[in-house]
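These notes concern the structure reproduced below.
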Amino acid sequence: MFSALGILFAKNVVHAVFLLVMVFLGIAGVFIISNAEFVGVTQIMIYIGGVLILMMFGIMLTHRIDGKRLESENRRVVIASLLGLGLLVVLLYPIKDGFPLFNFTESTESNFTVTEQIGIHLMTTELIALEVTAVLLLMALIGAAYIAGLNLKKKHGTD
Amino acid sequence: MVPIEHYIIFSTILLVIGLVIILIKRNVIMILAGVELILNAANINLIAFSQNDPNLSGQMMTLFVIVVAVAESAVALAIVYQIFRHQGLSDLDQLNELKG
């Protein structure tokens, strides 16, 4: 949480991305302590291994390499901060007396661990969603590669 | 076991920070980072409310949210890279023409 605030205040883009690594690690820790080990490990693998490497590449490719520091300027700070504080108050106001739905009974222990159960659900009840997600991921990756390679192809054609 | 209000407060703070990052920053990559923060806030809520659910539907939803976030950030970074090659800037306020 504090590293998220650090992202907000960080001037340097590279520092901000490393703080984002800290935020994702913290969130993975939250997942793991709240009975969702598989999702926590997936978070670490995908976000820290994939998205942040992608962002580092994005930073390296979209800034000129001339030795000057990569800084991101801010705009409209006061209005946005006021808006954020207002939203925070609005969202946190209803739970100041505790959350009324929290009367869960202890869940019945099943014979499987959480990861086994996730696997079973993925292959039975969520099979259509899994297939659609796979197709979506394929489309997104092919589209990303195509968009990123547009100019290369054009330059190659004119040569 | 952590009370569920703490999860809600944590994810609300993350959501607000992500929103303020999106509103304030002028760099496109920082705006993408804000979007990722907002998606993670949603994931924390899903996990928190599904920790007593024997069907684990919240965790399944979280997995799909993560995958969609990855696809979105890959496409967005490709577009940012192409815009940068075309116009030589990654600053949203200077990006004011469509036909480079």
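Can you work out the Karplus-derived ³J(HN,Hα) for every residue in region B:10-23? Use 6.51 cos²θ - 1.76 cosθ + 1.60 with θ = phi - 60°, whole Hz, and x for glycine or proline.
Whole-Hz 3J(HN,Hα) from phi for region B:10-23: 4, 6, 5, 5, 4, 4, 5, 5, x, 5, 5, 4, 4, 6.
Need one number: nm distance between label points at B:Asn55 and A:Leu136, each 7 Å from Cα along Cα→Cβ, rounded to one decimal.
For B:Asn55 paired with A:Leu136, the spin-label model returns 1.9 nm.
Full extension from A:Val14 to A:Met60: what is 0.36 nm times the residue separation minus their Cα-Cα distance, to one decimal in nm?
On the way: separation 46, 0.36 × 46 = 16.56 nm, distance 0.95 nm.
That pair, A:Val14 and A:Met60, stretches by 15.6 nm at full extension.
Taking R0 as 41 Å, what FRET efficiency do you get between A:Leu92 and A:Leu150 from their Cβ-Cβ distance, rounded to the nearest 0.05? Intermediate values should be presented prior to the final figure.
Values: r = 45 Å, r/R0 = 1.11.
Once rounded, the FRET efficiency stands at 0.35.
Multiplying the sequence separation of B:Val68 and B:His6 by 0.36 nm and subtracting their Cα-Cα distance, what value in nm do you get? Walk me through the numbers before you get to the answer.
Numbers: separation 62, 0.36 × 62 = 22.32 nm, distance 2.64 nm.
Here the answer is 19.7 nm.
Among B:Leu77, B:Leu39, rank each residue by its count of other Cβ atoms within 10 Å, from fewest to most, as a rough exposure measure.
On the way: B:Leu77 24, B:Leu39 20.
In increasing order of surrounding Cβ atoms, one gets B:Leu39, B:Leu77.
Per residue of region A:24-36, in order, report the coupling 6.51 cos²θ - 1.76 cosθ + 1.60 (Karplus, θ = phi - 60°) as ³J(HN,Hα) in whole Hz, putting x for Gly and Pro.
Calculated HN-Hα couplings, in order: 5, 5, x, 5, 5, x, 4, 4, 5, 6, 10, 6, 9 Hz.
Values in this text are rule-based calculations from the coordinates and carry no lab data. Small disclaimer: the values here were computed from a predicted structure and weren't measured. Quick reminder, even Gly has a Cβ in these numbers, built from the backbone with ideal geometry, and neighbours come from all protein chains shown.
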